[in-house]
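Peer 1: One structure, pasted below without further comment.
The values are calculated or read from the model by the stated rules, or taken from the named source; none is laboratory data. What you see is a predicted model, and the numbers here were worked out from it, not measured in a lab. Quick reminder, even Gly has a Cβ in these numbers, built from the backbone with ideal geometry, and neighbours come from all protein chains shown.
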């Protein structure tokens, strides 16, 4: 069409069109109102393309401003928060150090006051274990009654058991029942040997006796408490699937592997 433009209003060629300098829309002067383009003073104005572009630019500028404000405000807030936390931490740290110092003083004071008592308790425990080391305790041994078993005594029953555990000669032992007499069950019987060596020798051979009487070391209250705690710990490890048992090493109970070959004495 010889470079002629098409009128947006009537869709025909136009020789001298009115043209939008931004989007290139052309129109006869008489069709400008039908061109679908903003018009002002018989000229194209407020081009949609220009408006969108201008809006995008304004939007980006606004977003940049908002982002800058947020960053600035956040930086101030962050600094204030860190300053507050730092002050709180300094106070907490100071309180901890002060409490730690007080605890150290209390512990040192307790050691100074209780040192002698602790040493005495240890010495008393050692002496008590030594006194009991010649004894064995027989549980579930029927108590003899003079009115019905006139020819049988507790000592006779003990010697019968010791002979089964032989082959060594039965030593001269002393016996005594522990606690008040009960109707439903026999009291434990303490059997005192001439020496610790003889007591341990018979204890090692207790497996040869298969009767109802149970034979144990004469333990101090602390030893019994320790063994009870050890048995509770053993239950926990067994429940966890470990094959463990308690065995004695030089008279001290320990938790070991069940296949361990140590003697249970």
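Peer 1: Could we say that residue 238 is surrounded by 17 or more Cβ atoms within 10 Å (Cβ to Cβ) and farther than 19 Å from residue 162 by Cα here? Steps first, answer last, please.
Peer 2: Values: surrounded by 17 or more Cβ atoms within 10 Å (Cβ to Cβ): no; farther than 19 Å from residue 162 by Cα: yes.
Spelling it out, it is not the case that residue 238 is surrounded by 17 or more Cβ atoms within 10 Å (Cβ to Cβ) and farther than 19 Å from residue 162 by Cα.
Peer 1: Here's a follow-up. Being loosely packed, with under 10 Cβ neighbours inside 10 Å, modelled with pLDDT under 90 and either farther than 30 Å from residue 193 by Cα or touching a helix residue (DSSP H, G or I) at 6+ places or on another chain (Cβ under 9 Å) (or both): is that true of residue 113 here?
Peer 2: Details: loosely packed, with under 10 Cβ neighbours inside 10 Å: yes; modelled with pLDDT under 90: yes; either farther than 30 Å from residue 193 by Cα or touching a helix residue (DSSP H, G or I) at 6+ places or on another chain (Cβ under 9 Å) (or both): yes.
Spelling it out, residue 113 is indeed loosely packed, with under 10 Cβ neighbours inside 10 Å, modelled with pLDDT under 90 and either farther than 30 Å from residue 193 by Cα or touching a helix residue (DSSP H, G or I) at 6+ places or on another chain (Cβ under 9 Å) (or both).
Peer 1: Restricting to segment 241-256, count the residues that are loosely packed, with under 12 Cβ neighbours inside 10 Å and within 27 Å of residue 171 (Cα to Cα). Break it down stepwise before answering.
Peer 2: Taking segment 241-256 as the starting set, the residues that turn out to be loosely packed, with under 12 Cβ neighbours inside 10 Å are 241, 243, 250, 252.
If we keep only those that are within 27 Å of residue 171 (Cα to Cα) too, we end up with 250, 252.
Residues flagged as loosely packed, with under 12 Cβ neighbours inside 10 Å and within 27 Å of residue 171 (Cα to Cα) within segment 241-256 amount to 2.
Peer 1: Output the number of residues of segment 167-189 satisfying the condition of being in contact (Cβ under 8 Å) with a residue 40 or more places away in the chain and touching a helix residue (DSSP H, G or I) at 6+ places or on another chain (Cβ under 9 Å).
Peer 2: Filtering segment 167-189 for residues in contact (Cβ under 8 Å) with a residue 40 or more places away in the chain gives 178, 185-189.
Okay, now just the ones that are also touching a helix residue (DSSP H, G or I) at 6+ places or on another chain (Cβ under 9 Å), so 189.
Within segment 167-189, residues that are in contact (Cβ under 8 Å) with a residue 40 or more places away in the chain and touching a helix residue (DSSP H, G or I) at 6+ places or on another chain (Cβ under 9 Å) number 1.
Peer 1: Here's something else I'd like to know. From the list 27, 21, 72, 65, pick out the single residue that is within 47 Å of the chain's Cα centre (by Cα) and modelled with pLDDT of 70 or more. Step through it out loud before you land on a result.
Peer 2: Numbers: 27 fails: within 47 Å of the chain's Cα centre (by Cα); 21 fails: within 47 Å of the chain's Cα centre (by Cα); 65 fails: within 47 Å of the chain's Cα centre (by Cα).
One residue alone meets the criteria, 72.
Peer 1: Read through the list (1) closer than 19 Å to residue 157 by Cα; (2) modelled with pLDDT under 90; (3) within 43 Å of the chain's Cα centre (by Cα), then give the number of the only condition that residue 250 fails.
Peer 2: Exception for residue 250: condition (1).
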